[in-house]
1. When you check Glu55 against the structure, is it in a helix (DSSP H, G or I) and of a type in the set (Asp, Glu), yes or no?
2. Can you tell me which residue in segment 65-107 is most open to solvent (accessible area, probe 1.4 Å), limited to those that are among the aliphatic types (A, V, I, L, M), outside any helix (DSSP H, G or I) and closer than 20 Å to Asn48 by Cβ?
3. Give the residue that is farthest from the chain's Cα centre (by Cα), with candidates limited to residues of segment 12-36 that are surrounded by 15 or more Cβ atoms within 10 Å (Cβ to Cβ) and under 18 Å from Ala100 (Cα atoms).
4. If I ask for residues that are without any contact (Cβ under 8 Å) to a residue 24 or more places away in the chain, more than 22 Å from Arg86 (Cα to Cα) and under 18 Å from the mean Cα position of the chain (by Cα), which ones from segment 37-68 would you list?
5. Could you give me the residue pairs with C-beta distances under 8 Å whose first residue belongs to segment 83-105 and is within 14 Å of Ile28 (Cβ to Cβ), whose second residue is surrounded by 12 or more Cβ atoms within 10 Å (Cβ to Cβ) and β-branched (Val, Ile, Thr) wherever it lies, and which are 6+ apart or on separate chains?
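The values are calculated or read from the model by the stated rules, or taken from the named source; none is laboratory data. Just so it is clear, the model here is predicted, and its values are computed rather than measured. Neighbour counts are summed over all protein chains in view; Cβ atoms, including those assigned to glycine, are modelled from backbone coordinates with ideal geometry. Side chains are part of the model used for accessible areas, which takes the heavy atoms of the whole protein and leaves out ligands, DNA and RNA. Shrake-Rupley method; radii C 1.70, N 1.55, O 1.52, S 1.80 Å.
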Amino acid sequence: MAALWVAALALRVWTLRALGRLWHVQVIHREHQPIVTAGPYRFIRHPNYVVVFAEIAVVPLLLGAYGTALLGSLANAVVLAGRIRREEAYLHTVPAWRRAFAHKARFVPGLF
């Protein structure tokens, strides 16, 4: 579990470095939406959400809080599902994003 947590932290750093000033907690509609295709975005659409999911699952498991890991992960999945739908609904209106990410999986390269 500790190795997964370290991997999630490394993915977070890589993701935030790729996004730079474009990282934000809200979906922001911009007239000229920049498209980030560097870093982990070369492989998947939503690396930051992979990090969030991993952290919410792994940190409680490191502490032996199995119920918290399960319930937290389920609650997080519900919240992220809505957020990702809203984010992608906006991004699908941006032709450059559609071209860059149409063939990429959301979370796991080649799978999902």
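1. yes
2. Among those residues, the one meeting the criterion is Ala102.
3. Here the residue is Gln33.
4. Ala38, Ala57
5. Close Cβ pairs (under 8 Å, with a partner that is surrounded by 12 or more Cβ atoms within 10 Å (Cβ to Cβ) and β-branched (Val, Ile, Thr)) amount to Arg83/Val27; Arg86/Val27; Glu87/Val27; Tyr90/Val27; Val94/Ile35; Trp97/Ile35.
Listed here are the residues, each with its yes/no results for (1) closer than 18 Å to Phe112 by Cβ; (2) basic (Lys, Arg).
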{"residue": "Ile28", "(1), (2)": "no, no"}
{"residue": "Glu31", "(1), (2)": "no, no"}
{"residue": "Pro40", "(1), (2)": "yes, no"}
{"residue": "Arg45", "(1), (2)": "yes, yes"}
{"residue": "Gly67", "(1), (2)": "no, no"}
{"residue": "Ala75", "(1), (2)": "no, no"}
{"residue": "Leu80", "(1), (2)": "yes, no"}
